[in-house]
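**Student:** Here it is, the structure in full.
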Amino acid sequence: MNSRLTRSRLLLTGALATALVAGGFLLGPGAHAEEPTDSYQRGPAPTASSVEATRGPFATSQISISRLQASGFGGADVYYPTDTSQGTFGAVAISPGFTAYKSSMAWLAQRVASQGFVVINIDTTTTSDQPASRGRQLLAALDQVTADSRVANRIDKTRLAVMGHSMGGGGTLEASLSRPSLQAAVPLTPWDTKKSFSSSKVPTLVVGAQADTVAAVSSHAKPFYRSLPDAPGKAYLELAGASHFAPNMSNTTIAKYSISWLKLFVDNDERYRTFICDGSAGTKASEYSNTCASFTP
């Protein structure tokens, strides 16, 4: 089924359910509200505390793909939920930035996995690989892991996403152009010489840093965000006072918005819409905007 149509139908379903509850049309004793068939809710209903927690509700395990085993990327650590009772999970590939290794993004990879995703935290073939190359490597990692007998049965191959820091963030944007079937993209303090991503069809959360002197938001994150189409969805989060390297250490704001974005667009889980669309990001953000009116989860 076309994922964009799925997202439109889910909007209508959610609105109807809200109207029924608000109007007092409650279900009878012993009955329960049926989950929309196109939603892939995993885990308990979220709260502000649960999306900000350093560990989510899922216990996780890990496998490694060595550089010699990797095809088209530099190896990876794969984190995945051990729970098999809730069906398959969406998968997310993460790229580090220029000169960096997968260890720089391990905190986020583990945190996202514990919220109900299979996460492939990659090394690139060389630490100097440019954004276009990093985009290809993110996709290669997704392709390999979704066919890996050790974890493939845990992954829904139709629900894939990409993330990355710095040149890995640029690679995230590049990958979204190359593969429009991706369900979400999250570039973190992204850097790229390419400035327009107007043909992207992937819901994208751009995270910039106010004090970034490596990939200044005025010449990177903001132009990227402005170039993206309003639908199926985009948001811009600028971290107050933060440097280019904010994504390389545990950061609750990055985790909260990244997880909520992935839940909303990879899992079609409307329970997370409030964390993206209601209000602002508070004092942790120097700027926040979104096109929630145009979202089609």
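**Student:** Would you mind listing the strands (runs of 3 or more DSSP E) fully within the range 54-154 where at least 2 residues are within 18 Å of Leu188 (Cβ to Cβ)?
**Tutor:** Answer list for the range 54-154: 76-81, 89-95, 117-122.
**Student:** Here's something else I'd like to know. Being surrounded by 24 or more Cβ atoms within 10 Å (Cβ to Cβ), in contact (Cβ under 8 Å) with a residue 12 or more places away in the chain and more than 22 Å from Val217 (Cα to Cα) is the requirement here; does Leu262 meet it?
**Tutor:** Answer is yes for this residue.
**Student:** Moving on. Would it be correct to say that Phe117 is within 30 Å of Glu270 (Cβ to Cβ), buried (at least 21 other Cβ atoms within 10 Å of the Cβ) and touching an Asp or Glu at 6+ places or on another chain (Cβ under 8 Å)?
**Tutor:** No.
**Student:** Consider Tyr236 against the criteria (1) at pLDDT 95 or above; (2) in a helix (DSSP H, G or I): it satisfies all of them except one. Which criterion is unmet?
**Tutor:** (2)
**Student:** When you go through (1) modelled with pLDDT of 95 or more; (2) among the hydrophobic types (A, V, I, L, M, F, W, C); (3) in a loop (DSSP other than H, G, I, E, B) one by one for Leu26, which number turns out not to apply?
**Tutor:** Condition not satisfied by Leu26: (1).
**Student:** Assuming Val217 fulfils every condition listed in (1) free of Cβ contacts under 8 Å to residues at least 60 places away in the same chain; (2) in contact with a Pro (Cβ under 8 Å, 6 or more places away or on another chain); (3) in a loop (DSSP other than H, G, I, E, B) apart from one, which condition is it?
**Tutor:** Looking at each condition in turn, Val217 falls short on (2).
**Student:** Moving to a separate point now. Please determine whether any residue of the range 165-177 is over 15 Å from the mean Cα position of the chain (by Cα) and surrounded by fewer than 24 Cβ atoms within 10 Å (Cβ to Cβ).
**Tutor:** Checked against the condition, which is being over 15 Å from the mean Cα position of the chain (by Cα) and surrounded by fewer than 24 Cβ atoms within 10 Å (Cβ to Cβ), the range 165-177 yields at least one hit.
**Student:** Take the range 239-297 and flag every residue that is aromatic (Phe, Trp, Tyr) and part of a helix (DSSP H, G or I).
**Tutor:** Matches in the range 239-297: Tyr257, Trp261, Phe265, Tyr272, Phe275.
**Student:** Quick check on my filter: what residues within the range 241-252 are surrounded by fewer than 22 Cβ atoms within 10 Å (Cβ to Cβ) and over 16 Å from Gly164 (Cα atoms)?
**Tutor:** Scanning the range 241-252 gives Gly241, Thr252.
**Student:** Right, next: Residue check, Thr158 against (1) surrounded by fewer than 24 Cβ atoms within 10 Å (Cβ to Cβ); (2) in contact with a Phe, Trp or Tyr (Cβ under 8 Å, 6 or more places away or on another chain); (3) of a type in the set (S, T, N, Q); (4) under 28 Å from Thr84 (Cα atoms), all met but one. Which one?
**Tutor:** Against the list (1) surrounded by fewer than 24 Cβ atoms within 10 Å (Cβ to Cβ); (2) in contact with a Phe, Trp or Tyr (Cβ under 8 Å, 6 or more places away or on another chain); (3) of a type in the set (S, T, N, Q); (4) under 28 Å from Thr84 (Cα atoms), Thr158 comes up short only on (2).
The values are calculated or read from the model by the stated rules, or taken from the named source; none is laboratory data. Here the structure is a predicted model, which is why all the values come from computation and not from measurement. We place every Cβ from the backbone using ideal geometry, glycine too, and count neighbours over all the protein chains shown.
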